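Participant: First the structure, which I've put down as structure tokens, then a few questions once you've had a look.
The values are calculated or read from the model by the stated rules, or taken from the named source; none is laboratory data. The structure displayed is predicted, hence computed values, not measured ones. Cβ: placed from backbone, ideal geometry, glycine included. Neighbour counts: every protein chain shown. SASA here: full protein model, heavy atoms, side chains in, ligands and nucleic acids out. Shrake-Rupley method; radii C 1.70, N 1.55, O 1.52, S 1.80 Å.
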Amino acid sequence: MKLRHKLNAVIAVTAIGLGVSSTAAQSAEQSLTLCWAAWDPANALVELSKDFTSETGIEMNFEFVPWTSFSSRFQNELNSRGKLCDLLIGDSQWIGGSAENGHYIKLNDFFEKEGISMSDFIPATVDAYSAWPKGSDNYWALPAMGDALGWVYRKDWFSRKDIQSQFEMEFGRELTPPKTWTELKEVSSFFQGREIDGQKVYGAAIYTERGSEGITMGATSALYAHGFQYQNPNKPYDLEGFVNSPEAAEGLKAYKELYDCCTPPGHSNAYMVANLDAYKSGQVAMQMNWFAFFPGIVKDPNVGGENSGFFLNPKQTTEGSTLGGQGISVVSYSDKKDLALQYIKWFAQPQVQSDWWTLGGYSAHRAVVEHPDFASTAPFAADFVEAMSNVKDFWQEPNYAELLQAMQKRLHDYVVAGKGTPEQALEKLKDDWQEILEDGGQL
């Protein structure tokens, strides 16, 4: 990915007001701690931040924790008003509670003073990562890590003449990356149990994890594609006929059918790492996962290069991708808020955003993703931009955790445990959410 070299000609690099000329004035003892999850993009951010230290003299420390404990670790830190994190890259679902409870500082005055415009970032990321209340111009974070759910497939398997002819004989069409959920099931079922190069393989690795957010993030990719909505778009918190719509039931049914027919053995509590492992080990023809992991797929010695291809979340009646990603916020309990704001200002620069993409992060800056050469910088770059134009996100209410736990239970009970029908699962979910919203004062 050589985006930096391609964009340098058009992205003006400025350091006006940033203080990059005042390195000598910065004390070597000045430092910041940035908190995030432990994964490949975090490693890229460490590398990127070396430039910030070089320009400002402010040392960067990092507190990264595994995704399995990410939410509990840093939510506890915020709720206890701890001073560990000066900067926090927190999930989009946290924005409501963090704003309402005073965990993040409001950034509007700072943005205005420093000439940072939210119109320079992908609109969906501003709405999801930065704004609270939703639809307002109150900003509590800068979009930091754009992400969405996408798909990876074994391009080398799909291109084999023997496999192509067998698929066409069975389904009467060419074997291509699925564009609908109907096609996704067909392709997955075709590969399920097939022997390739002496190894038994399976159709698709999907999210089924019960403990945190996994099955919700996975199943919503099918729900969105079939027309699911969280609430009446014209009446907030009006759930009847939306959460439990016939279209939503069709989407949930499609997800269960894919789980039942076409996943590898024992894939009943799987999330990001389990899907990666199943794919990289050659067990499955396809996997769903976050775009954030795709640079690692490209570089993988077993499935990288031309062995893998990428495609958008399939649509059915409509288009929609499950939103991932995060914004970067200044923690209100930090004693170094002024230094943290310097980092925000530095990170918002178009050139830094270009370098962020080059190193393996996912910029949400329009100067980067809307550049004419962007699509050629990675085999998944064009899909990333298109996915980000159709993303949908989970609730961001202060009581999002209760809403999420309810959805995790109802989805897992139906999809994995086989309890009831999709209509019954969604009806129970609607009732759960109504009770939670009533207790929270939203209804």
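Participant: Only one of (1) surrounded by fewer than 24 Cβ atoms within 10 Å (Cβ to Cβ); (2) more than 17 Å from the chain's Cα centre (by Cα); (3) of a type outside the set (S, T, N, Q); (4) within 21 Å of residue 187 (Cβ to Cβ) fails for residue 311. Which number is that?
Facilitator: All conditions pass for residue 311, except number (2).
Participant: Then there is this: Is at least one residue of region 253-266 closer than 30 Å to residue 347 by Cβ and not assigned by the TED database to the domain that holds residue 37?
Facilitator: Checked against the condition, which is being closer than 30 Å to residue 347 by Cβ and not assigned by the TED database to the domain that holds residue 37, region 253-266 yields no hits at all.
Participant: Moving on. Quick one: in region 74-100, of everything that is of a type in the set (Gly, Ala, Ser) and in a loop (DSSP other than H, G, I, E, B), which residue is surrounded by the fewest Cβ atoms within 10 Å (Cβ to Cβ)? Talk me through it step by step, then tell me what you get.
Facilitator: Initial filter on region 74-100 (of a type in the set (Gly, Ala, Ser)): 80, 82, 90, 92, 96-99.
Pick out the ones that are also in a loop (DSSP other than H, G, I, E, B) and you get 80, 82.
Numbers: 80: 10, 82: 13.
It comes out as 80.
Participant: In region 363-389, what count of residues is obtained for those that are touching a Phe, Trp or Tyr at 6+ places or on another chain (Cβ under 8 Å) and under 16 Å from residue 123 (Cβ atoms)?
Facilitator: So the answer is 9.
Participant: Here is a list: 135, 102, 82, 150. Which entry is within 29 Å of residue 207 (Cβ to Cβ) and touching a residue at least 40 places away in the same chain (Cβ under 8 Å)?
Facilitator: Exactly one of 135, 102, 82, 150 is within 29 Å of residue 207 (Cβ to Cβ) and touching a residue at least 40 places away in the same chain (Cβ under 8 Å), namely 150.
Participant: Now, a different point. Checking residue 308 against (1) touching a helix residue (DSSP H, G or I) at 6+ places or on another chain (Cβ under 9 Å); (2) closer than 17 Å to residue 142 by Cβ; (3) touching a residue at least 60 places away in the same chain (Cβ under 8 Å), which test does it fail?
Facilitator: (2)
Participant: Would you point out the residue of region 132-171, among those that are closer than 27 Å to residue 389 by Cβ and acidic (Asp, Glu), that is surrounded by the most Cβ atoms within 10 Å (Cβ to Cβ)?
Facilitator: Restricting to residues being closer than 27 Å to residue 389 by Cβ and acidic (Asp, Glu), the top hit is 147.
Participant: While we're looking at this one, here's another question. Could you please let me know if residue 318 is open to solvent by 10 Å² or more (accessible area, probe 1.4 Å), touching a His at 6+ places or on another chain (Cβ under 9 Å) and of a type outside the set (A, V, I, L, M, F, W, C)?
Facilitator: So residue 318 fits the description; yes.
Participant: Then there is this: For residues that are over 22 Å from residue 67 (Cα atoms) and out of contact with any helix residue (DSSP H, G or I) (no Cβ under 9 Å at 6 or more places or on another chain), scanning just region 247-300, find the one that is most open to solvent (accessible area, probe 1.4 Å).
Facilitator: 265
Participant: If I ask for residues that are surrounded by fewer than 19 Cβ atoms within 10 Å (Cβ to Cβ) and assigned to a strand (DSSP E or B), which ones from region 174-231 would you list?
Facilitator: 180, 195, 196, 199, 200
Participant: Take the residues of region 116-131 that are over 19 Å from residue 338 (Cα atoms) and not in a helix (DSSP H, G or I): which is most open to solvent (accessible area, probe 1.4 Å)?
Facilitator: 117
Participant: Kindly provide the set of residues from region 101-115 that are among the charged types (D, E, K, R) and in a helix (DSSP H, G or I), ordered by number.
Facilitator: The answer is 109, 112, 113, 114.
Participant: Given the criteria out of contact with any helix residue (DSSP H, G or I) (no Cβ under 8 Å at 6 or more places or on another chain), open to solvent by less than 60 Å² (accessible area, probe 1.4 Å) and at pLDDT below 95, does residue 22 qualify? Give the steps one after another, and end with the answer.
Facilitator: Numbers: out of contact with any helix residue (DSSP H, G or I) (no Cβ under 8 Å at 6 or more places or on another chain): no; open to solvent by less than 60 Å² (accessible area, probe 1.4 Å): yes; at pLDDT below 95: yes.
Spelling it out, it is not the case that residue 22 is out of contact with any helix residue (DSSP H, G or I) (no Cβ under 8 Å at 6 or more places or on another chain), open to solvent by less than 60 Å² (accessible area, probe 1.4 Å) and at pLDDT below 95.
Participant: While we're on this one: Could you please give the count of residues in region 292-341 that are touching a strand residue (DSSP E or B) at 6+ places or on another chain (Cβ under 9 Å), outside any loop (DSSP other than H, G, I, E, B) and under 17 Å from residue 276 (Cα atoms)?
Facilitator: 11
Participant: Right, here's the next one. Can you pull out every residue in region 75-106 that is more than 23 Å from residue 31 (Cα to Cα) and among the hydroxyl-bearing types (Ser, Thr, Tyr)?
Facilitator: Of everything in region 75-106, those that are more than 23 Å from residue 31 (Cα to Cα) and among the hydroxyl-bearing types (Ser, Thr, Tyr) turn out to be 92, 98.
Participant: Look at residue 278 and say whether it is in a helix (DSSP H, G or I) and among the small types (Gly, Ala, Ser).
Facilitator: Yes; evaluated as a whole, the condition is true for this residue.
Participant: Taking residue 244 and the conditions (1) of a type in the set (S, T, N, Q); (2) surrounded by 15 or more Cβ atoms within 10 Å (Cβ to Cβ); (3) not in a loop (DSSP other than H, G, I, E, B), which numbered condition does it fall short on, given that it satisfies the others?
Facilitator: (3)
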